[in-house]
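Student: Quick one: the structure is below, questions incoming.
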Amino acid sequence: MTFKEIVAVSGMAGLKRIIAQRNDGLILADMDGENKKFYSNRIHLFSPLENISIYTEEDSTPLLDVMLEMKNQQETNPPVEPNSDPEKLRGYLAQILPDFDRDKVQISDIKKLIKWYQLLEPSGVIVKPEEKPSEESIENE
């Protein structure tokens, strides 16, 4: 499983993994690979995590970069509880991404970021794309 295969689905809690694409929607599974189901694009909106960014004062930062920084700081600055008070949540994000746009990034966005991180971190998908060995390099060894 890679970061590119993970989507957020409107109206659904949590994250899903893309199994297959059809013209009228996606076949998705829970993160553990169970419960495969078809989701129609007439009913749901799909947001691939690789297309999501966090607003900053200058532009925006890709979600994967923010999560990589969360992973790098996990020992010294572990994620706060998603249900913490708003000031604590903003303070945590300020340590991870100091120039985040305080007007555009809502508390609900920070909560969702932390929940998604806690869901994805154990699965090992929060890595830079070049860190994963390609099949070609494995075959050549």
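Student: Residue farthest toward the positive end of the dipole of the chain, with Cβ of Lys/Arg at +1 and Asp/Glu at -1: which of Leu68, Gln95, Pro48?
Tutor: The listed residue farthest towards the positive side: Pro48.
Student: Same structure, new question: What is the helix-to-structure angle for 107-120, meaning the angle in degrees between its Cα long axis and the longest Cα principal axis of the chain, kept from 0 to 90 and rounded to the nearest 10?
Tutor: 50
Student: On a 31 Å Cα-Cα criterion, which of the cross-link pairs Lys16/Lys71; Lys36/Lys88; Lys37/Lys104 come out too long?
Tutor: Violating the 31 Å Cα-Cα cut-off are Lys36/Lys88; Lys37/Lys104.
Student: Next question, about the same structure. What shape does segment 1-44 take by its C-alpha gyration tensor, where a ≥ b ≥ c are the square roots of the eigenvalues and a/c under 1.5 counts as rounded, a/b above b/c as prolate, and the rest as oblate?
Tutor: The shape class here is prolate.
Student: Which distance in nm do the two modelled labels at Ile19 and Asp99 give, with both placed 7 Å along the Cα-to-Cβ direction?
Tutor: It is 4.3 nm.
Student: Going by alpha carbons, how many degrees (0 to 90, nearest 10) lie between the helix axis of 63-72 and the longest principal axis of the chain?
Tutor: 60
Student: Under the rule of -39500 (n - 2.57) per DSSP H run of 4 or more residues, summed and divided by the residues of the chain, what mean residue ellipticity at 222 nm is obtained, to the nearest 500 deg cm²/dmol?
Tutor: -8500 deg cm²/dmol
Student: For the chain, what does the alpha-carbon gyration tensor say about shape, rounded, prolate or oblate, given a ≥ b ≥ c as the root eigenvalues, a/c under 1.5 as rounded, and a/b over b/c as prolate?
Tutor: Cα axes put the chain in the oblate bin.
Student: Arrange Ile6, Ile52, Ile107 by Cβ neighbour counts within 10 Å, fewest through most, would you?
Tutor: Ile107, Ile52, Ile6
Student: Now for a different question. Run the quick spin-label model on Ile43 and Met12: label points 7 Å from Cα toward the beta carbon, then report their separation in nm to one decimal.
Tutor: Using points 7 Å along Cα→Cβ, the separation is 1.0 nm.
Student: So, one more: Rounding to the nearest 10 and keeping the result within 0 to 90°, find how far the Cα-based axis of helix 86-96 lies from the longest principal axis of the chain.
Tutor: Computed tilt is about 70 degrees.
Every read-out reported here was derived from the displayed coordinates using simple, explicitly stated rules and does not represent laboratory data. Just so you know, these numbers come straight off a predicted model, no measurement behind them. When we count neighbours, we look across all protein chains shown, and the Cβ atoms used for this are built from the backbone with ideal geometry, even at glycine.
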